[in-house]
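Colleague: Quick one: this structure, given as structure tokens, is what I'll be asking you about.
The values are calculated or read from the model by the stated rules, or taken from the named source; none is laboratory data. All values derive from a computational prediction rather than experimental measurement. Every residue, glycine among them, receives a Cβ derived from its backbone with ideal geometry; neighbour counts consider all protein chains shown. When the accessible area is computed, the model is the full protein with side chains, heavy atoms only, and any ligands, DNA or RNA have been set aside. Shrake-Rupley method; radii C 1.70, N 1.55, O 1.52, S 1.80 Å.
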2 protein chains.
Amino acid sequence: MKLRHLLFAAPLLASMPAKAEEGMWTFNRFPTDKVKQAYGFAPDQKWLDHVRLSSVRLAQGCSASFVSKDGLVMTNHHCVHECVEELSTPSKDYIADGFFAKAQADEVKCPDLEVNQLIDIKDVTARVMKAAEGLTDAAANDAKKAEMSRIEKECATSDSLRCDIVTLYNGGVYDLYTYKRHQDVRLVFAPELAIAFFGGDPDNFMFPRHDLDSAFVRVYENGKPAKVKDFFKWSKSGTKEGELTFTAGNPGSTSRLKTIAEILAFRDFGLVKRLMYLSEIRGELVQYAKRGAEQERHSKAMLFGVENGLKAFKGEADALFAPGFVDAIKQKEDALRAKVMADKELAAKYGGAWDAVAGAVQRSRALSVRLGQLEGGQGFRNELFSFARMLVRAADEFQKPNEKRLREFTEGRKPGLEAQLMSPAPLYPEFEIFRMTFALTKLREYLGPDDPTVKLVLGSESPEQLATRLVNGTKLGDPAVRKALYEGGAAAIAASDDPMLKLAKLIDAESRTLRKQYEDEVEAVVRKNNELIAAARFAIEGTSSYPDATFTPRVSYGTVKGWQEGEKAIKPYTTFGTTFERHTGAEPFALPLSWLDAKPELDLSTPMNLCTTNDIIGGNSGSPVFNRNAEIVGLIFDGNIHSLGGDYGFDPELNRAVAVDSRAIVHALDKVYGATRLVKELTGR
Amino acid sequence: MKLRHLLFAAPLLASMPAKAEEGMWTFNRFPTDKVKQAYGFAPDQKWLDHVRLSSVRLAQGCSASFVSKDGLVMTNHHCVHECVEELSTPSKDYIADGFFAKAQADEVKCPDLEVNQLIDIKDVTARVMKAAEGLTDAAANDAKKAEMSRIEKECATSDSLRCDIVTLYNGGVYDLYTYKRHQDVRLVFAPELAIAFFGGDPDNFMFPRHDLDSAFVRVYENGKPAKVKDFFKWSKSGTKEGELTFTAGNPGSTSRLKTIAEILAFRDFGLVKRLMYLSEIRGELVQYAKRGAEQERHSKAMLFGVENGLKAFKGEADALFAPGFVDAIKQKEDALRAKVMADKELAAKYGGAWDAVAGAVQRSRALSVRLGQLEGGQGFRNELFSFARMLVRAADEFQKPNEKRLREFTEGRKPGLEAQLMSPAPLYPEFEIFRMTFALTKLREYLGPDDPTVKLVLGSESPEQLATRLVNGTKLGDPAVRKALYEGGAAAIAASDDPMLKLAKLIDAESRTLRKQYEDEVEAVVRKNNELIAAARFAIEGTSSYPDATFTPRVSYGTVKGWQEGEKAIKPYTTFGTTFERHTGAEPFALPLSWLDAKPELDLSTPMNLCTTNDIIGGNSGSPVFNRNAEIVGLIFDGNIHSLGGDYGFDPELNRAVAVDSRAIVHALDKVYGATRLVKELTGR
């Protein structure tokens, strides 16, 4: 359940009143009283600060936590899958065999992994709002972005800081989040994929579950393990059923207060297209992997991502297409609109907002396919093209003043951009050709063979011919070449006849125009009117609430609890014993040899996975589960199938977070992997 | 646009009033007056009988026509693709190179092709209705089926006859259709795929278009070309823009009068699932073909079918998900219901029918996934499994009296069944394993790995392991083995330990139970209440109408006409010249060498494809286009993109049939292929 990147999901966030354990709370607006009332425990600011500093985000789209004073970081195996794949070679497959650094000196740097620790939150709402005063929608949108870039630049005084303005409560609040960046991140431990992802796609999003989806990396500073003040201690006893549990992580995106117009447009247009796209590339990847062991190895992470996304979207579709589901959301919206219209003043201020959003959504439908193909990059997607576009745009953008740049090229984002661009991660030409062939085929399919841009791009070549020529002809696979072009700036880019760069240049003007059109005609209108709807909601429903998820640190509370599935009661724990019972010997139900060999040494009553009522969503993968003493009791890696409707609302009867039990982690490290140095570091024993 | 098999589309047919050129008319209820009024030409019964006897159906799912007194049959290349593929070998690829029998003695038998000529239509409504008098829904459904089996058996007095009862007007009419069966069908001419399907998937369902999607086969009797009395003559001059055109063919299925409950269930559940399924298998097939030339060759027909179906369903989805489309259908339904409810007598008789259908549809949603996997065979789909199931069921069913059997095992269907079972068409074990692996993977995905039937089927094997073992272990690839088992009956089946047969036996009981449950709880209720709705509609709107399509012979009329696409006027003809302009040299826009070589000999102003306002849909592929003198002027092979919404209604402004021009066919036969004996047979010159 890694964060899914919802490319064109407009930032449609709003406040929402919470029931039961519902809520993905920010650290500066946590409902301490509510928790105290329900559980007799009141997290104070000191506790919250400690938890915030002990929790981290993986910049690539996951959550994690510090679990020792020496910078040890716990997360999911699927969050470091790409690193493990990148460190593997045709002769040494750490995905299949697992990885353990016997000594600290054996820990190996992950080419791309970056760990972010949230060290400060500051409200900058007034400043952002002031910049847009008196302007029309499109101009206000531009002005706010420029002001946000200015604030971020002032904040990012060093490459080791990342400063992001986070839009919360649908534009009601702008908070400046400052993160400490850790870029020297080394792999310490990853189990075999066969146990990390035991049950594979069939068991994904299911519970009961039996996965050791855990891994450890370590943050280094100046070549040495980083010393961290705040980290989670390890619980000695784990949890019991009914116990209070917390998670801190980075839920990616929710849509709990989207307007019905946005939800229907997503369901009937975006979602159906996405299900088809992911299904097709899944089919191609499954067969690509059959070309050979090496192809299987280097395509596995992508297949996992695709299958994971597909299953998540299918769950969303099951919810959104269920009879009555959308009607219920519409009734709530109608009720709010009726209240607004019943009050003259509110009606004058906010009454037109919903129809304005609906109009912009309609416009978005006309723009989105072309936008996705060109500006979204779907029509060209592979690593080499991404580098080419980054280089072409960096050369243009860095000539402009900071606040006039595209947001991803502002000074505050520069260190992240450079890390991506100079990444030493290996590339696989055959796989690049495969991916780009698929992308170009879809480009032609979605825009049509007679589209002038498609004709310009393909000329007289087929998608496969063009992809092959570009991938084989480009030098951008070499980080040194990318560095030289990046440092050479506009002159170097203009002078280069690298074929992939030429493609990126060829489509850039049209692509930028489309983006600007979308920003002015859709984004600006939606943003402005969703702010109005949020204000209307505040006026009618009050403010005791949490904002929609934004892939920023949040904390949630809940309890260890199963659920009732029709006639059947689902218990909240599985064990090592039930894990062995599920072993058939055929993938994905084949346990690795290490587990089969270690079986006699194992206490089969050890809890393996558990489920809790914590409110989470994609992006929360790798989040620590901890108790009121801020001790680790588990590691979030999934949600149950019901939680996939969680994008639109939380159902306390059915939605469950799924975690690896902390007792499973230490017992396996100890008895299966002989990782005693890690056990000691975690537990002190 | 070959007929798509809509597995669980309940038979929801009803009458509908027609506007403009709308209508897929039966031969015995043709609106001669209407045509006369509009075009000054009144087709009389003699003309209609001649046209009916000159038109034929390919039992596998296409339309065709007799075009010479010696049994020459014209149809689409894509309708005989499987035959051409089956006649090919690793060393001789007729798909790529085309096929032409220089002399009549070189014509080669197609392993599976069957041609049906409709020789009689008889109304048996009264007899079918009487059988069900006074019975409850489920019992009435059973009784009608039994009576239909009885009538068909009485009719099918020889293996050369096929007798089908066709349910028309939503059960308002039952007609007995008697066909003459031609099973010795030989391939005469098929061009290269590169020109038959020039533009490939990107151009599919598009116009302007440039395909020679045509082929000729010949019907034989007693080893000699069949002498046929009725056949279409070839037009000397072709058409002009605006000219009246007719088609006669077999439109597969329309849903123009489905209830809103059925349409929404299809859109939100069946259609979305189908789009995903087809997208995924498409991805797998594209990559499977990359294993090598032989794999590409033997998988091409399936890929074509999948891509064709996918594009058709996408077009349907575009229509059904377009804002307002479903609302408009709902308004029409609401208006009809209001009229029914306003009349006490009508309300009492018909008022409850819509809700009853909606209830059955809801029930269908609960049953359909499992039903599709087991009884629909999706969970096992490959050729060998189909044989296994046929054998297992034939052994059971043939022990029962005719009217108690499953409909597909009644005496009337026996000859078709035996032809399928004994087919000498080659099988490709690697492809069978590929297909069955995919099917079993979906079975596990849709029903879940913990489903008892899934566990029973897979045991401790993976889908690929099981598929490999069954395909490699079964002897059912040998027609002689199938014949022996078929003739050996129940005893032979019981004694066999063939692994594929064992699988078919393993799931048969549950599969039959599911089917019966569906028939009783869904089909019977839907059928009964749709009859009531049809009757209500007759009572209110009258009867000047045509029934929904049922893959039975229909005739439609229209004119040669382009359309307005936004700002752009689309002309109704393309030419050889524009065909050469579209050639880039890269597949699918690469013309075959034969065309490039012949270019100097060609008259580039020759019309290539044309579009007309005839009302057609999938299944009409291969239909002749003819003028008022019943002379061939074209050959239907597709509809334009707008026609894909035609399942739900006909829009005379936008919906177009797409055909190969008759002049293109003779000019290419003459100048590109040197097929002078064919040109002479067609034109007499």
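Colleague: How do the peptides A:77-83, B:34-40, A:50-56 rank, highest first, by the average count of neighbouring beta carbon atoms within 10 Å per residue?
Modeller: Working: A:77-83: 25.4, B:34-40: 13.6, A:50-56: 22.9.
Sorting A:77-83, B:34-40, A:50-56 by mean packing, highest first, produces A:77-83, A:50-56, B:34-40.
Colleague: May I ask you to evaluate 6.51 cos²θ - 1.76 cosθ + 1.60, the Karplus curve with θ = phi - 60°, for each residue of the stretch B:404-410 and list the ³J(HN,Hα) values in order in whole Hz, giving x for glycine and proline?
Modeller: My calculation for the stretch B:404-410 gives 9, 7, 4, 4, 7, 10, 6 Hz in order.
Colleague: Starting at the first residue of the stretch B:276-290, write each ³J(HN,Hα) from the Karplus equation 6.51 cos²θ - 1.76 cosθ + 1.60 with θ = phi - 60°, in whole Hz, x for Gly and Pro.
Modeller: Once rounded to whole Hz, the list reads 5, 4, 5, 4, 5, 5, 4, x, 5, 5, 4, 7, 4, 4, 7.
Colleague: Moving on. When ligands, DNA and RNA are left out and all protein chains stay put, how many square angstrom of accessible area per residue does the stretch B:313-380 have with a 1.4 Å probe? Walk me through the numbers before you get to the answer.
Modeller: Working: 3140 Å² over 68 residues.
Heavy-atom SASA per residue in the stretch B:313-380 reads 46 Å².
Colleague: What is the interface area between chains A and B, defined as buried accessible area summed over both chains with a 1.4 Å probe, reported in Å² to the nearest 100?
Modeller: Working: alone 27020 and 27000 Å², together 50630 Å².
Buried: approximately 3400 Å² between B and A.
Colleague: Another question about this same structure. Please compute the volume of the convex hull spanned by the alpha-carbon atoms of the stretch A:232-374 and report it per residue in Å³.
Modeller: In the stretch A:232-374, the Cα hull volume divided by residue count equals 242 Å³.
Colleague: Shifting gears a bit: From the label point of A:GLY223, set 7 Å from Cα along Cα→Cβ, how far away are the matching label points in the other copies, in nm, ordered shortest to longest?
Modeller: A:GLY223 label point versus its equivalents elsewhere: 9.3 nm.
Colleague: Counting pairs of Cα atoms in chain A, how many percent are more than 44 Å apart?
Modeller: Working: 46249 of 234270 pairs.
Above the 44 Å cut-off, chain A has 20 percent of its Cα pairs.
Colleague: What ³J(HN,Hα) values, in whole Hz, does the Karplus curve 6.51 cos²θ - 1.76 cosθ + 1.60 give for the stretch B:628-635 when θ = phi - 60°, with x put for Gly and Pro?
Modeller: 5, 8, 6, 10, 5, 10, x, 9
Colleague: Also: Size of the dipole of the stretch A:544-658 about the Cα centre, Lys and Arg at +1 and Asp and Glu at -1 on the beta carbon, nothing else charged, in debye to 20? Spell out each step's value before the answer.
Modeller: Working: 8 positive and 14 negative charges, 43 e Å.
The dipole magnitude comes to about 200 debye.
Colleague: Determine the gain in length on full extension of the stretch B:ALA338-B:LYS229; use 0.36 nm per residue of separation and subtract their C-alpha separation, reporting nm with one decimal.
Modeller: 34.0 nm
Colleague: Give the calculated FRET efficiency between B:GLU345 and A:PHE580 to the nearest 0.05, with a Förster radius of 56 Å applied to their Cβ-Cβ distance. Display every interim value, and only then the final one.
Modeller: Details: r = 69 Å, r/R0 = 1.24.
So, using R0 = 56 Å, E works out to roughly 0.20.
Colleague: Also, I was wondering about something else. Distances from A:LYS349 to the same residue in each other copy, label points 7 Å out along Cα→Cβ, in nm, shortest first?
Modeller: Shortest to longest, the spacings are 6.0 nm.
Colleague: Kindly state, to the nearest 0.05, the FRET efficiency for B:ASN222 paired with B:LYS568, given R0 = 35 Å and r defined as their beta-carbon distance. It would help to have the intermediate numbers written out before the result.
Modeller: Numbers: r = 55 Å, r/R0 = 1.57.
It comes out at approximately 0.05.
Colleague: Related question: For the stretch A:144-282, report the accessible area per residue in Å² (1.4 Å probe, heavy atoms, rounded to an integer).
Modeller: Working: 4080 Å² over 139 residues.
I get 29 Å² per residue for this part.
Colleague: Measure off 7 Å from each Cα along the Cα-to-Cβ vector at B:ALA139 and A:VAL369, then give the distance between these two points in nanometres to one decimal.
Modeller: So the two model labels end up 5.4 nm from each other.
Colleague: Positive end of the dipole of the protein assembly as shown, charges at C-beta (+1 Lys, Arg; -1 Asp, Glu), about the Cα centre: which of B:SER237, B:LEU176, A:VAL173 has its Cα farthest in that direction?
Modeller: Of the listed residues, the answer is A:VAL173.
Colleague: OK, next. Hey, got a sec? Which GluC sites (Glu not before Pro) in the stretch A:203-243 land in a DSSP loop and have at most 14 other Cβ atoms within 10 Å? If you can, show how the numbers build up before the last one.
Modeller: Numbers: sites: A:GLU221, A:GLU241, A:GLU243; in loops: A:GLU241, A:GLU243.
Answer in residue order: A:GLU241.
Colleague: How many percent of the accessible area of the stretch A:282-416 is carbon or sulfur, using a 1.4 Å probe? Walk me through the intermediate numbers first.
Modeller: On the way: 2850 of 5380 Å².
So the carbon and sulfur contribution to the accessible surface is 53 percent.
Colleague: Given the rule -39500 (n - 2.57) for each run of at least 4 DSSP H residues, summed and divided by the residues of the protein assembly as shown, what is its mean residue ellipticity at 222 nm, to the nearest 500 deg cm²/dmol?
Modeller: Working: 52 runs with 618 residues, N = 1370.
One gets -14000 deg cm²/dmol as the mean residue ellipticity at 222 nm.
Colleague: Can you give the FRET efficiency to the nearest 0.05 for A:GLU241 and B:LYS455, using r as the Cβ-Cβ distance and R₀ = 25 Å?
Modeller: Calculated transfer efficiency: 0.30.
Colleague: Can you tell me the dipole magnitude for chain A around its Cα centre, using point charges on the Cβ only (Lys, Arg +1; Asp, Glu -1), in Debye to the nearest 20? Could you put the intermediate results ahead of the total?
Modeller: Working: 91 positive and 95 negative charges, 220 e Å.
Computed about the Cα centre, the dipole is about 1060 debye.
Colleague: Another question about this same structure. What residue among B:GLY372, B:GLY352, B:PHE387 has its Cα farthest toward the positive end of the dipole of the stretch B:345-387, where the charges are +1 on Lys, Arg and -1 on Asp, Glu, each on the Cβ?
Modeller: B:GLY372
Colleague: Report relative contact order for chain B in percent, whole number only (criteria: Cα-Cα under 8 Å, sequence separation at least 6).
Modeller: Numbers: 1298 pairs, mean separation 184.5, N = 685.
This gives 27 percent for chain B.
Colleague: Let me ask something additional. Just to confirm the filter: which chymotrypsin sites (Phe, Trp or Tyr not before Pro) across the stretch A:326-402 are DSSP coil and have at most 15 other Cβ within 10 angstrom of their Cβ? Please report the intermediate quantities before stating the final value.
Modeller: Numbers: sites: A:TYR350, A:TRP354, A:PHE380, A:PHE385, A:PHE387, A:PHE398; in loops: A:PHE380, A:PHE398.
Of the chymotrypsin sites (Phe, Trp or Tyr not before Pro), the ones in loops of the stretch A:326-402 whose Cβ has at most 15 other Cβ atoms within 10 Å are A:PHE398.
Colleague: If I take all pairs of Cα atoms in the stretch B:500-602, what percentage of them are more than 18 Å from each other?
Modeller: 78 percent
Colleague: Taking only the alpha-carbon atoms of the stretch B:314-454, what semi-axes of the equivalent ellipsoid follow from 5 times the gyration tensor eigenvalues under a square root, in whole Å, largest first?
Modeller: Working: eigenvalues 317, 114, 54 Å².
The three semi-axes for the stretch B:314-454 are 40, 24, 16 Å.
Colleague: Separate question: In the stretch B:115-233, with Lys and Arg counted as +1 and Asp and Glu as -1 at Cβ, which of these residues, B:ILE195, B:VAL228, B:ALA131, has the Cα nearest the positive end of the dipole, that is, farthest along it?
Modeller: Of B:ILE195, B:VAL228, B:ALA131, it is B:VAL228.
Colleague: While we're looking at this one, here's another question. Suppose each label sits 7 Å from its Cα in the direction of the beta carbon; what would the A:LYS400-B:ASP318 distance come out to in nanometres?
Modeller: With each label point 7 Å from Cα toward Cβ, the separation is 3.4 nm.
Colleague: Oh, and also: First check a/c for the stretch A:398-479, with a ≥ b ≥ c the square roots of the eigenvalues of its C-alpha gyration tensor; if it is under 1.5, answer rounded, and if not, answer prolate when a/b is larger than b/c or oblate otherwise. It would help to have the intermediate numbers written out before the result.
Modeller: Values: a/c = 2.88, a/b = 1.49, b/c = 1.93.
Cα axes put the stretch A:398-479 in the oblate bin.
Colleague: Here's another thing I want to ask about it. Rounding to the nearest 20 debye, state how big the charge dipole of the stretch B:325-404 is about its Cα centre with +1 on each Lys and Arg Cβ and -1 on each Asp and Glu Cβ. Provide the component values of the computation, followed by the final result.
Modeller: Details: 14 positive and 11 negative charges, 23 e Å.
That gives the stretch B:325-404 a dipole magnitude of about 120 debye.
Colleague: Where the eigenvalues come from the Cα gyration tensor of the protein assembly as shown, what are the semi-axes √(5λ) of the equivalent ellipsoid, largest first, in whole Å? It would help to have the intermediate numbers written out before the result.
Modeller: Values: eigenvalues 641, 246, 224 Å².
Three semi-axes, in Å: 57, 35, 33.
Colleague: Give the average, rounded to an integer, of partner chain Cβ atoms located within 10 angstrom of each Cβ in A:605-613. Intermediate values should be presented prior to the final figure.
Modeller: On the way: counts 0, 0, 0, 0, 0, 0, 0, 0, 0.
The mean count of partner-chain Cβ atoms within 10 Å per residue comes to 0.
Colleague: Which whole number gives the average, over all residues in A:275-282, of C-beta atoms from other chains lying within 10 Å of the residue C-beta? Let's see the in-between values first.
Modeller: Values: counts 6, 11, 2, 4, 9, 11, 3, 5.
Counting Cβ atoms of other protein chains within 10 Å of each residue's Cβ and averaging gives 6.
Colleague: Can you classify the stretch B:65-166 as rounded, prolate or oblate using the Cα gyration tensor, where a ≥ b ≥ c are the square roots of its eigenvalues, rounded means a/c under 1.5, and otherwise it's prolate if a/b beats b/c and oblate if not? Working shown, then result.
Modeller: Values: a/c = 3.87, a/b = 2.54, b/c = 1.52.
Prolate, because a/c is 1.5 or more and a/b exceeds b/c.
Colleague: Note the distances from B:ALA491 to each other copy's matching label point, with points 7 Å along the Cα-to-beta-carbon direction, in nm, sorted shortest first.
Modeller: Those label-point separations list as 9.5 nm.
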